[in-house]
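See structure below.
The values are calculated or read from the model by the stated rules, or taken from the named source; none is laboratory data. Here the structure is a predicted model, which is why all the values come from computation and not from measurement. Backbone-built Cβ (ideal geometry, glycine too); neighbour counts: all protein chains shown. When the accessible area is computed, the model is the full protein with side chains, heavy atoms only, and any ligands, DNA or RNA have been set aside. Shrake-Rupley method; radii C 1.70, N 1.55, O 1.52, S 1.80 Å.
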Amino acid sequence: MPGTRLTSTRDAVGWLVRPAAPRDLAAINAVSRAAGRPEWDPTAVAPASDRCAVVALAAGVLVGAAKTHRYPLADGDAPAGHYLGGVVVHPDARRRGAGRALTAARLAWIWELADVAYYIANARNAASIALHAGFGFFPIAAGPQFHGVTFDGGRGLVLAARRPDSARQRGRALET
């Protein structure tokens with residue numbers, strides 16, 4: 001991604017996570033269809049300085065993808081900023097760590113640009129909320145709609161996480 005150091009990484013489980021490229025769109029959309037999710041627009045994988053998209057591969061096969069969004073303006077209780085969003089993992093590859101690997105890669109990208117990352121979730125999506133809690137996300141707002149996202153059941157959450165090193169740096173500054 002322009003202006004970032006996002007590179008290919010292999011996590012402890014063995015997922016290869018790398019920046020998405022336009023050539024990945026057909027495979028991403030095949031995974032999206034298998035998961036019953038909407039297909040991605042070609043702009044989602046086009047290089048941009050204000051968002052990133054990553055893919056997860058197992059044995060060279062694309063099994064998941066995820067992206068970020070940057071909202072330049074607040075929407076009610078949803079702040080402006082960089083948001084995690086658009087995670088899709090093939091049903092045959094779920095519950096094996098691909099979502100966690102994709103989330104870690106996107107957060108690393110956001111932490112190069114901002115001290116806070118945001119995430120919007122359906123309040124009923126306990127698995128996703130638990131995954132993100134492991135990265136330090138906590139709820140900051142609840143409502144029926146944020147940044148154009150509506151929710152089955154009518155209630156969504158905005159969650160936030162602080163960059164881990166920014167809290168330590170502020171603490172050190174207070175000690176000196």
Local net charge near His90, Cβ-Cβ under 12 Å (Lys/Arg +1, Asp/Glu -1): +4
Which residues does a label at Ala127 reach in the range 99-116, if reach means a backbone N under 12 Å from a point 7 Å past the Cα toward the Cβ? 99-100
Label points 7 Å out from Cα along the Cβ direction at Ile140 and Ala26: separation in nm? 4.1
Rounded to the nearest 5, what % of DSSP beta bridges with both residues in the range 49-157 are antiparallel? 90
Per the 1.4 Å probe, what fraction of the accessible area of the chain, in percent, lies on carbon and sulfur atoms? 54
Solvent-accessible area per residue for the chain (1.4 angstrom probe, square angstrom): 52
Using the basic label-point model (7 angstrom from Cα toward the beta carbon), what is the Ala114 to Arg94 distance in nanometres? 2.8
When the chain is fully extended, how far beyond the present Cα-Cα distance does Arg33 get from Ala48, taking 0.36 nm per residue of separation? 2.9 nm
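For the range 30-129, what does the convex hull of the Cα positions come to per residue, in cubic angstrom?
122
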